[in-house]
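To keep things clear, I will list the structure first and then write my remarks on it.
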Amino acid sequence: MPQSRDRPRAGFGGKGGRPGRFGRAHALQKEFPGDGDPVERIRQALPAALSRRYFNNGSCGPLPVECQRAIAEEADRELRQGRVGSQAAARAAALHGQARAALSRVLHAPEGTVALTHHTTEGLNIAILGHEFSPGDEILTTSVEHIGALAPLFSLKERRGVRITALEVGADPAGLADLVAAAIGPRTRMMVLSHVAYATGAVLPVKRIAEICRRRNVLVVVDGAQAAGALPVDVVELGVDAYAIPGQKWLYGPEGTGALYVRRELIPTLVPPESGYASMARWDEAALTHAFHPDARRFEVGSVYLPALAGLVASLRWLETEVGLAWVHARVAALASAVGERIAALPGARVLTPPGAAGLVVFNLDAVDPQAAVAALEAQGILIRWVPRPRALRVSVAAHNDAADVEALLMALAGLCARR
């Protein structure tokens, strides 16, 4: 395992240590079963979190050693043994099944309701474009959505003449539910929204919105990119019709992986906008007959990169068995809240993320350009990002961040404030 940087075992991490200058050790020392400091063990499994102050899970999380090992082993197997044959086919089928099962557990989704995708955007395209729309139909969305959710809506606007209405998410995201209730009209067919807004960090009231939409026969499609792995997700309890997630962000998996949940009752009526051999339970080329899989596999199209799938399975196994998702959720919530408070206390800082958020903290520093600030922090080995609307800085606070990470971040931000 890589060796960690020299740093005091204090603050958010160190067992029994004194709180660091910016730390609250007692509230965050919740260990999962096993000996030693859980945060330190997590960090030892994430080499990138040791070589950098890694605050950007919202883009791509650091890869666990187990993930990289699984990718390398699968790639080596393909190189030496080839990618065809009965054993290769059986292994591929097993990896697909393991990935679906693990992602279903992350989402608390019933068996057969989760399809494998390559990213959140693919899942959103399936869930949105798989329905028939007529000119003049309306889709509601919000003012804080990622282009991955908006792009399929733009496609429908051009191809079908669908009207898109974006509802403003104010300082209190709870108010969005009332706006949705008031906005639904006779031609409203669908609501597309994020669980956690990528540009503000706000947790949107998805469950309440889904209840409102269900009563009005409006479908609810959710972008879960900034939620799955950062906070508890139960798609059945939320009552949504579709929920799309990536593997590479808060689930610490490789890029090119993801999943789509579709409510079981909706699966037979959602026509895959793309289909292939993986979508089919059976087909007859001569008779030109076919039958889609009766479950969510109908939304899978063709081959996937098996090394990436093996890496995702390894990352999810690591999260479930070595770390514990419930522990991660609790730590992310507590740590993000603490970091948000300390950023807000910096001179000239303004936190835009409302209380009760997940792992994203979005903020501005007076007279400091966000894009320039990201570059300046990266030069110091601190990885964050900036978002364009609102133009601001965004920190992803994850379970692997420790007191030294937080202190380095806050000191660097304070330095930017002092130079403005």
### Task
Could you figure out which of (1) surrounded by fewer than 20 Cβ atoms within 10 Å (Cβ to Cβ); (2) at pLDDT below 95; (3) more than 28 Å from Thr188 (Cα to Cα) isn't true of Val304?
(1)
### Query
How do the pairs read when you match residues in the stretch 334-358 that are on the phi > 0 side of the Ramachandran plot with residues anywhere that are outside any helix (DSSP H, G or I), using Cβ under 9 Å and keeping only pairs 6 or more apart or on different chains?
Gly348/Asn364; Gly348/Leu365; Gly348/Asp366; Gly348/Ala367; Gly348/Val368; Gly348/Arg420; Gly356/Ala202; Gly356/Val203
### Task
Filter the strands (runs of 3 or more DSSP E) completely within the stretch 170-279 down to those with at least 3 residues that are in contact with a helix residue (DSSP H, G or I) (Cβ under 9 Å, 6 or more places away or on another chain) and of a type in the set (Val, Ile, Thr).
219-223
### Those residues of the stretch 93-129 which are surrounded by fewer than 17 Cβ atoms within 10 Å (Cβ to Cβ) and part of a helix (DSSP H, G or I), in sequence order
Ala93, Ala94, Gly97, Ala101, Arg105
### Message
Can you list the helices (runs of 4 or more DSSP H) lying wholly within the stretch 324-420 that have 1 or more residues being buried (at least 18 other Cβ atoms within 10 Å of the Cβ) and under 16 Å from the mean Cα position of the chain (by Cα)?
### Response
325-344
### Number of the exception - Ala49 against (1) at pLDDT 95 or above; (2) touching a helix residue (DSSP H, G or I) at 6+ places or on another chain (Cβ under 9 Å); (3) farther than 21 Å from Ala334 by Cα
(3)
### Query
Of all residues in the stretch 244-267, which are within 11 Å of the chain's Cα centre (by Cα) and either of a type outside the set (S, T, N, Q) or at pLDDT below 95 (or both)?
Ala244, Ile245, Pro246, Gly247, Lys249, Trp250, Leu251, Tyr252, Gly253, Gly258, Ala259
### Task
With the condition kept exactly as written, say whether any residue in the stretch 275-284 is among the acidic types (Asp, Glu), free of Cβ contacts under 8 Å to residues at least 12 places away in the same chain and in the same structural domain as Pro390 (by TED's automatic domain parsing).
no
### Message
Go through the stretch 233-253 and report how many residues are touching a Leu at 6+ places or on another chain (Cβ under 8 Å) and surrounded by fewer than 23 Cβ atoms within 10 Å (Cβ to Cβ).
### Response
1
### Query
Counting only residues that are under 16 Å from Ser59 (Cα atoms) and either β-branched (Val, Ile, Thr) or at pLDDT below 95 (or both), how many does the stretch 344-379 have?
4
### Within the stretch 333-390, considering residues that are among the polar types (S, T, N, Q) and in contact with a Phe, Trp or Tyr (Cβ under 8 Å, 6 or more places away or on another chain), the one nearest to Ala412 (Cα to Cα)
Gln371
### Summary
Over the stretch 140-179, the set of residues over 24 Å from the mean Cα position of the chain (by Cα) and aliphatic (A, V, I, L, M) is Leu156, Val162, Ile164, Leu179
### Message
Is it the case, given these coordinates, that Glu132 is surrounded by fewer than 16 Cβ atoms within 10 Å (Cβ to Cβ) and either closer than 26 Å to Arg187 by Cα or not assigned by TED's automatic domain parsing to the domain that holds Lys157 (or both)?
### Response
yes
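The values are calculated or read from the model by the stated rules, or taken from the named source; none is laboratory data. It should be emphasised that the depicted structure is a prediction, and the values quoted were computed from it without experimental measurement. Virtual Cβ from ideal backbone geometry, glycine too; neighbours counted across all protein chains shown.
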